[in-house]
1. Could you give P(r) for the chain, binned at 10 Å from zero, as whole percent values over all Cα-Cα pairs?
2. In percent, what relative contact order does the range 64-115 have, based on Cα pairs under 8 Å that are 6 or more apart in sequence?
3. How do 75, 15, 105 line up, fewest other C-beta atoms within 10 Å first?
4. Which ordering of 99, 18 is given by a fewest-first count of other beta-carbon atoms within 10 Å?
5. Taking only DSSP H segments of four or more residues, each worth -39500 (n - 2.57), what value at 222 nm results for the chain once the sum is divided by all its residues, to the nearest 500 deg cm²/dmol?
6. Starting from the Cα of residue 77, step 7 Å toward the Cβ, then list every residue of the range 90-115 with an amide N under 13 Å from that point.
7. Once you order the gyration tensor axes a ≥ b ≥ c over the Cα atoms, which shape class does the range 1-60 get: rounded for a/c under 1.5, otherwise prolate or oblate by comparing a/b with b/c?
8. Once fully extended, how much extra length lies between residue 50 and residue 92, figured as 0.36 nm per residue of separation less the alpha-carbon to alpha-carbon distance?
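Read-outs throughout are calculated quantities, based only on the coordinates presented, and are distinct from any laboratory measurement. Owing to the predicted nature of the structure, the values given are computational and were not obtained by experimental measurement. Quick reminder, even Gly has a Cβ in these numbers, built from the backbone with ideal geometry, and neighbours come from all protein chains shown.
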């Protein structure tokens with residue numbers, strides 16, 4: 001089974017949606033998928049949780065299926081959304097100077113794809 005870590009850095013919502021769509025598509029096709037939310041993409045979380053957001057349903061599918069592996073703690077703090085990320089119950093990662101370690105994913109056999 002293929003293992004893929006989709007890493008979202010881009011803070012544009014339409015770009016982030018492609019991470020979510022690909023995560024669902026890959027999971028449905030038998031891939032083992034992790035979504036890592038980094039950089040300015042972390043600032044999207046407070047908007048995606050709103051029912052009025054057109055991508056709220058897609059975000060909820062990803063969250064409910066446990067595909068969000070890590071949200072960058074340092075970037076969440078820098079983007080002033082750390083409290084919202086914590087309120088969502090999303091897993092924070094900070095093992096690499098405050099950021100998620102992609103080397104750990106590679107060591108576990110995951111191919112890294114960045115968005």
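1. P(r) for the chain, in whole percents per bin: 15, 51, 30, 4.
2. Details: 43 pairs, mean separation 18.0, N = 52.
Across the range 64-115, relative contact order equals 35 percent.
3. Details: 75 24, 15 14, 105 20.
By the 10 Å Cβ count, ascending, the order reads 15, 105, 75.
4. Details: 99 17, 18 14.
With the fewest neighbours first, 99, 18 line up as 18, 99.
5. Details: 6 runs with 47 residues, N = 115.
Per the formula, -11000 deg cm²/dmol.
6. Hits in the range 90-115 for residue 77 at 13 Å: 93-100.
7. On the way: a/c = 2.65, a/b = 1.53, b/c = 1.73.
It is oblate, given that a/c is not under 1.5 and a/b is not larger than b/c.
8. Numbers: separation 42, 0.36 × 42 = 15.12 nm, distance 2.04 nm.
Stretched out fully, the residue 50 to residue 92 stretch lengthens by 13.1 nm.
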